[in-house]
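Shown next, in structure tokens, is the structure this report addresses.
The values are calculated or read from the model by the stated rules, or taken from the named source; none is laboratory data. All values derive from a computational prediction rather than experimental measurement. Methodologically, a virtual Cβ is constructed for each residue, glycine included, from the backbone with ideal geometry; neighbour enumeration extends over all protein chains shown.
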Amino acid sequence: MPPKARITREMILEAAYAIAREQGAEQINARTISKRLGCSTQPVLYHFDHIEDIRREVCRMADEAHTAFLMQFPEDADPMVAIGLNYIRFAAEEKLLFRMLFQSDNVNGQSIADLVDVPDLIPVLKIFQREARLSAEQTKLVFKTLAMLVHGCASMLANNSMEYNEAEIIPMLETAFMGMVCAIKTEDTQP
């Protein structure tokens, strides 16, 4: 008789990640993971003391996937528009992961200022700053303002309140970004 397949920690996390993508993070439990892996719940409980540990790891995996998704755009694209569009597109394509990352207790208690100071955001802000020729503080202000617009649009998509239409979204992002940059630069030139 062949030996039973060994269920690894990585296999459990991959199964839980797939469940989060397909059914939602709230469906992650020992039973759904073991069913997906075709095993008993024992290996799941052996590798993880608590289901919340698995959910935290899945959230970390989703956050990494989200960050990679944001940063994939053509070299000749306007980075501000491309990153905003990717954020919105992620919500349209990965509704359940988006909800887990941004519409749950994962961001509970954080302010907009806290979100702008996240280390993963530093490369994005540097791109914004360079492209718009703004100071670091001006860049943060523009980013916070655009983040509200982009997140609102993404939230509507993730909750099926609207349909994804890139042809409508791109001009909206371009106008908002150019308007914010122009407003900030105008403020700086006022006596």
Hits in the range 144-163 - residues which are among the polar types (S, T, N, Q) and either surrounded by fewer than 17 Cβ atoms within 10 Å (Cβ to Cβ) or touching a Lys or Arg at 6+ places or on another chain (Cβ under 7 Å) (or both): Asn159, Asn160, Ser161
Selection within the range 164-187 - free of Cβ contacts under 8 Å to residues at least 40 places away in the same chain and not in a helix (DSSP H, G or I): Asn165
Meets criteria (among the hydrophobic types (A, V, I, L, M, F, W, C) and within 30 Å of Ala132 (Cβ to Cβ)) for Leu45: no
Out of Lys126, Lys95, sole residue that is assigned by TED's automatic domain parsing to the domain that holds Glu174, at pLDDT 90 or above and out of contact with any Phe, Trp or Tyr (no Cβ under 7 Å at 6 or more places or on another chain): Lys95
Extreme residue, farthest from Glu64 (Cα to Cα), among residues of the range 1-17 that are of a type outside the set (Phe, Trp, Tyr), surrounded by 14 or more Cβ atoms within 10 Å (Cβ to Cβ) and in contact (Cβ under 8 Å) with a residue 12 or more places away in the chain: Ile7
Residue satisfying all of: in the range 36-87; in contact with a helix residue (DSSP H, G or I) (Cβ under 8 Å, 6 or more places away or on another chain) and not in a helix (DSSP H, G or I); surrounded by the fewest Cβ atoms within 10 Å (Cβ to Cβ) among these: Pro74
Complete set of residues in the range 142-165 that are over 23 Å from Leu121 (Cα atoms) and touching a helix residue (DSSP H, G or I) at 6+ places or on another chain (Cβ under 7 Å): Met162, Tyr164
Enumeration of residues in the range 140-191 that are under 20 Å from the mean Cα position of the chain (by Cα) and β-branched (Val, Ile, Thr): Val142, Thr145, Val150, Ile169, Ile170
